[in-house]
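Novice: Structure below; questions to follow.
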């Protein structure tokens, strides 16, 4: 019992530091991405902080297993460096004496990671989609910057204006490209203002003295229209908000679905607790190192194994979605490979923990 508490304490010590570092890295990357969109005008600056927090919540399903995995490698690596593992072996402590506390500690971490994957992740995705849709629907000319392209709706709309006045309702010499399926629409006008359709109450863009071009992506057929004044409705977030997105779908809804994309998404979420335990077990033998090499000797190899494991999950998920593998096999062959690796590594490291009779 004392040995178990000691090993658990040693693992928990670096966990907080690792989690903080990973969160800072993720938050910095997210901040750069969202601030760039805010500067470009495609995202209101007031939503950047909320989106960063949602991105962190969405990533907890990866951050928690990663943190625990690296903590096991670093903590047990420190025990090797200080020759404490040698002392444990001299006292007759077998491999189960080290694996047992790691496994027991991995269970509550797996529960937390599972909750993050099954509930927090889809909820975060749902809120991110809602904020992005609302940002698109609340487009305002004041977000335009002269001589800069503004892209909204993931490239569906591209705006450009040579001049943007001090008033938030006017721009001069504008260019707009709209992607509608396999067709493209281009509007060029001398002036653009923002208004409201009195009949429908929908926000519209009013163009004056311009031309409207419509043509297919492939082919030579097209049409050109000239106008003195024309109105174009701004995108409404109602349709986007009601669109089905499996990453934001409730886990119970995915459980009832028979679509391959939903099955792959559900299996991805359910695999998170299992991955947490397997990564922790792999971290036990992986931490073995020569005392002269230090406690961080195996961090590089540990990161490579984790990156490979995660990439295999992405490949397996894609195979399920494209019906390359049958659903009952799904992505479960990836955890199976990790389990085989854990058993093999533990078997190889057995002599370090267990005295073998002469």
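Every number in this text was worked out from the coordinates using simple rules, so none of it is lab data. Computed from a predicted structure; not experimentally measured. When we count neighbours, we look across all protein chains shown, and the Cβ atoms used for this are built from the backbone with ideal geometry, even at glycine.
Novice: Among 267-276, 117-126, 205-214, 177-186, how do they line up by average Cβ neighbours within 10 Å per residue, starting with the highest?
Specialist: Details: 267-276: 21.5, 117-126: 19.6, 205-214: 17.1, 177-186: 13.4.
Packing order, densest peptide first, comes out as 267-276, 117-126, 205-214, 177-186.
Novice: Say each of residue 16 and residue 328 gets a label point 7 Å from the Cα, pointing the same way as Cα to Cβ; how far apart are those two points in nm?
Specialist: 4.8
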